[in-house]
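Heads up, the thing below is written out as structure tokens.
The values are calculated or read from the model by the stated rules, or taken from the named source; none is laboratory data. This structure is a prediction, so every number in the text was calculated from the model and none was measured. Counting neighbours? That spans all protein chains shown, and the Cβs are built from the backbone with ideal geometry, glycine included.
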């Protein structure tokens, strides 16, 4: 053969040897792997950390295992309140394979803490905490986290190649408000956030009873809530001096509430009907939205319960010093006291007694932090010794009746936290507790037909709804007879 042919044959032999050598090496690797696979215990061929399923998938998988049926797409699970969500998430954390332990940790956010510092303080890895926060932020911006918020954190113990076991963040759950629950759950090395909103049913309930120790306690005992009793006091406050309420006085009102699937009250709405029988003629008011959109409470004849000014611009207070001459506790002299002092805890909200314009909101000598408001018909109101002013309250600000303008304090010449409240008309001081103020709105002839229809509807609703304490409407017939008998007896006593 020529030199060229020899070189060509050598090249062919070299390529053949390389091919068979490579093939042999590959076979050795495969055989070795198979021997290791079946020779005894060793690392599993699947990842030690599976991707967790959603709570719906966990439920579907568990049902499939029990029935032996083929795996199918999980059905949707209705999560109607925070308890449902937390239970579902906890089932997720504890049901996934390869997890030996799940720990739940309840935490209340303290002042100055952030979500990152809360997670770090609980022992979460910084990187994992950042991933959980990143998943949560589009659903709930973490900058909105406030002191007092309750959180439930979940940590899991998983297999670790180096240390044997490792504790890591599995998720968290909390309720930013009464209707929503937010949950962040691990999915592999990532986190996913979900929002569950409670499904609520709207209903009306009735509260009726007699005053025993106080109107507040008696209404609470019959099924009312704190918020509803405060609203009741605001409605009656224009016509009732609460200092004159006595045991045996009757109250009757209907309010709206929203309940979850368990029948638990999630939030309350508005009072739609009120009746109170104490000293004098019984009072009865109906909630009505006028054609111009203004909402108010009206007598059966269409006269508004609301007056030009409120008697007491602070809730839950007691009169510590009345209008008139008194011995001044600081100056040690007798002199006129041109207002009424209401003792209340420091920080209690103070409301504008009526619609008007703020004339002054600043420091004023012995009055301390001081607000003066100008109202219609020459009336002015004064609020003194405030701890501070509500945001936005300054000279020239227009305020509405019931709007918070400041907070009870003890600034200036003061012996304890209270509100000093004055009412003036055309510069003359008046006793706030003895004012005979003009009523607010009176419905026009054109508005009365619509109001009458709504009034009759509310009366029918009053007679048909359940009582908040669980009594059925049928008991009302007997109650009505007893109430009529009591009022008849009162009328006869008053006429003697």
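Some notes on this structure:
- Of all the criteria given as (1) buried (at least 18 other Cβ atoms within 10 Å of the Cβ); (2) closer than 29 Å to residue 438 by Cβ, the one not satisfied by residue 359 is (1).
- Looking across 289, 299, one residue alone is in contact with a strand residue (DSSP E or B) (Cβ under 9 Å, 6 or more places away or on another chain), farther than 17 Å from residue 466 by Cα and surrounded by 17 or more Cβ atoms within 10 Å (Cβ to Cβ). It is 299.
- Matching residues, region 302-320, being in a strand (DSSP E or B) and either surrounded by fewer than 17 Cβ atoms within 10 Å (Cβ to Cβ) or free of Cβ contacts under 8 Å to residues at least 24 places away in the same chain (or both): 303, 318, 319, 320
- The single condition among (1) free of Cβ contacts under 8 Å to residues at least 12 places away in the same chain; (2) in a strand (DSSP E or B) that residue 382 does not meet is (1).
- None of 117, 95 is assigned by TED's automatic domain parsing to the domain that holds residue 171 and at pLDDT below 55 except 95.
- Some residue of region 150-163 being closer than 30 Å to residue 227 by Cα, in contact (Cβ under 8 Å) with a residue 24 or more places away in the chain and exposed (fewer than 14 other Cβ atoms within 10 Å of the Cβ): yes
- Any hit, region 437-445, residues being farther than 19 Å from residue 352 by Cα and buried (at least 18 other Cβ atoms within 10 Å of the Cβ): yes
- For region 306-318, the count of residues that are more than 28 Å from residue 245 (Cβ to Cβ) and either touching a helix residue (DSSP H, G or I) at 6+ places or on another chain (Cβ under 7 Å) or at pLDDT 85 or above (or both) is zero.
- Enumeration of residues in region 221-258 that are within 28 Å of the chain's Cα centre (by Cα), modelled with pLDDT of 85 or more and not in a helix (DSSP H, G or I): 222, 223, 224, 225, 251, 252, 253, 254, 255, 256, 257, 258
The rows are residues; the columns are (1) in contact (Cβ under 8 Å) with a residue 60 or more places away in the chain; (2) more than 27 Å from residue 102 (Cβ to Cβ).
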| residue | (1), (2) |
| --- | --- |
| 143 | no, yes |
| 176 | no, no |
| 179 | yes, yes |
| 184 | no, no |
| 199 | yes, yes |
| 225 | no, yes |
| 232 | no, yes |
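- Strands (runs of 3 or more DSSP E) contained entirely in region 153-216, each with at least 2 residues that are more than 30 Å from residue 473 (Cβ to Cβ) and not assigned by TED's automatic domain parsing to the domain that holds residue 253: 164-177, 180-187, 190-197
- Filtered residue count, region 385-424, keeping only those that are surrounded by fewer than 14 Cβ atoms within 10 Å (Cβ to Cβ) and assigned to a strand (DSSP E or B): 2
- Every condition in (1) assigned to a loop (DSSP other than H, G, I, E, B); (2) modelled with pLDDT of 75 or more; (3) touching a strand residue (DSSP E or B) at 6+ places or on another chain (Cβ under 8 Å) holds for residue 455 except the one numbered (1).
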